[in-house]
Amino acid sequence: MKSFQNKYGEYALITGGSSGIGKALAFESAKKGLNVILVARKEDELNKTSEAISRQYGVKVKTISADLSNDEGINKIINESENLKVGLFIPAAGYETNGLFSKTNLEKEMMVININVVSTLKLTHYFSKKMVSEGKGGILLVSSLSGHMPNPFFSNYAGAKAYVLNLGVSLAGELKEKGVDVAVLSPGLTNTPMAKNTGVDWNKTPMKKMEAAKVAEIALNKLGKKISIVPGGRNNFMAFMAKYMTPFSIGTKMNAKMIRGALSPDRL
Ligand SMILES: NC(=O)c1ccc[n+]([C@@H]2O[C@H](COP(=O)([O-])OP(=O)(O)OC[C@H]3O[C@@H](n4cnc5c(N)ncnc54)[C@H](OP(=O)(O)O)[C@@H]3O)[C@@H](O)[C@H]2O)c1
């Protein structure tokens, strides 16, 4: 625990820290002795999470209510965390759309890019610069199994998560020698509000939900040791099969058939 604190202290800044995987990562960071900064929009959820973490672990918790989909929100995060030593940055907030691409709403598709890609790029650029000048720190980007394979009916989301995956594993090769550990967490289906609201009947797919706490525990234990972290045996098997055993021509057809059979018919 001491070495985790030495490497990644004093604060972990976690976007999406009030719900699901981001919230679990915030609890796990506090358990490992870091103070935390939680970022999300809804102040009541931020406050509830903040109180629960400080009650359980006695660490300092700061909240920043900001919207990651625009520059005003991103600048607010930078300004309000400027004087704190952020040694661990985790952009876990995410947004997804799904359904037949020609039917989806373009504004929502742009939101997928703004939150998953643009805010991740801008904040990773900012925090990596500070960490390089300190000669230490950690960055845990959050992709998805969707970023590892064709994912028809989640096409833009899959593209955004593929960006995050390749950004992270590439940055890892630049920043390790500057003392900064970069890793990419790619969860499979995880029991969170986002997964509940997809309109997909996951029971009709081979996916099995993992608990967010387990995902977070695995992620922080592997940070600094692995650059691509896929939590869970089944998810690892799927990522392996997608990468080494399944050409796109087959993966695309197979996954389209799976989602077509499980997605709410009005979205097809
Ligand atoms: N759940 C899964 O099955 C799964 C699988 C693979 C990857 N992932 C990825 O894991 C990450 C976390 O997902 P999750 O399932 O834990 O989601 P979640 O439970 O729905 O939580 C999303 C978090 O992001 C915040 N957020 C959303 N839009 C925001 C915005 N515009 N500005 C600031 N904060 C915003 C939300 O708070 P507010 O609404 O208050 O802003 C919330 O704290 C995402 O990157 C997701 O793509 C999830």
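The values are calculated or read from the model by the stated rules, or taken from the named source; none is laboratory data. Please read all numbers here as calculations on a predicted model, not as lab measurements. Note: ideal-geometry Cβ built from the backbone for every residue, glycine included; neighbour counts use all protein chains shown.
The residues of region 31-44 that are within 16 Å of the ligand (Cβ to nearest atom), within 19 Å of residue 81 (Cβ to Cβ) and not in a loop (DSSP other than H, G, I, E, B), listed by number, are 36, 37, 38, 39, 40, 43. I'm checking my understanding of the structure. Among residues of region 199-240 that are away from the ligand (no atom under 15 Å from the Cβ) and surrounded by 14 or more Cβ atoms within 10 Å (Cβ to Cβ), which one is nearest to residue 33 (Cα to Cα)? Among those that are away from the ligand (no atom under 15 Å from the Cβ) and surrounded by 14 or more Cβ atoms within 10 Å (Cβ to Cβ), it is 221. Filtered by the rule that a residue be modelled with pLDDT of 95 or more, outside any strand (DSSP E or B) and surrounded by fewer than 24 Cβ atoms within 10 Å (Cβ to Cβ), region 1-27 gives 4, 5, 6, 7, 10, 19, 20, 27.
Taking region 18-30 as the range and being near the ligand (Cβ under 6 Å from one of its atoms) and farther than 25 Å from residue 179 by Cα as the test, the residues that pass are 18, 19, 20, 21.
Of 183, 242, 216, all but one fail to be touching a Lys or Arg at 6+ places or on another chain (Cβ under 7 Å) and modelled with pLDDT of 95 or more; the exception is 183. The residue pairs whose first member lies in region 84-100 and is hydroxyl-bearing (Ser, Thr, Tyr), whose second member is part of a strand (DSSP E or B), and whose beta carbons are closer than 9 Å, counting only pairs six or more residues apart or on different chains, do not exist in this structure. I'd like to verify a number: residues in region 82-97 that are within 12 Å of the ligand (Cβ to nearest atom) and surrounded by fewer than 24 Cβ atoms within 10 Å (Cβ to Cβ), how many? Of the residues in region 82-97, 3 are within 12 Å of the ligand (Cβ to nearest atom) and surrounded by fewer than 24 Cβ atoms within 10 Å (Cβ to Cβ).
When the residues of region 98-131 are filtered to those that are within 10 Å of residue 69 (Cα to Cα), of a type outside the set (A, V, I, L, M, F, W, C) and touching a helix residue (DSSP H, G or I) at 6+ places or on another chain (Cβ under 8 Å), which remaining residue is surrounded by the most Cβ atoms within 10 Å (Cβ to Cβ)? Top of the filtered list is 116.
Is it the case that region 20-39 has a residue that's on the phi < 0 side of the Ramachandran plot, touching a Pro at 6+ places or on another chain (Cβ under 8 Å) and of a type outside the set (S, T, N, Q)? Yes; the residues of region 20-39 include at least one that is on the phi < 0 side of the Ramachandran plot, touching a Pro at 6+ places or on another chain (Cβ under 8 Å) and of a type outside the set (S, T, N, Q).
Taking into account only those residues within region 107-137 that are away from the ligand (no atom under 13 Å from the Cβ) and under 14 Å from the mean Cα position of the chain (by Cα), which is farthest from residue 10 (Cα to Cα)? Checked region 107-137; the qualifying residue farthest from residue 10 (Cα to Cα) is 121. Has region 174-181 got at least one residue that is in a helix (DSSP H, G or I) and within 14 Å of the ligand (Cβ to nearest atom)? For region 174-181, residues in a helix (DSSP H, G or I) and within 14 Å of the ligand (Cβ to nearest atom): absent. Residues that are charged (D, E, K, R) and closer than 20 Å to residue 130 by Cβ within region 61-106 comprise 62, 71, 76, 80, 82, 85, listed in sequence order. Restricting the first member to region 172-184 and to residues that are among the small types (Gly, Ala, Ser), and the second to residues that are modelled with pLDDT of 95 or more, the beta-carbon pairs closer than 6 Å and six or more apart or on different chains are 172/182; 172/227; 179/135; 179/136; 183/140; 183/223; 183/227; 183/229.
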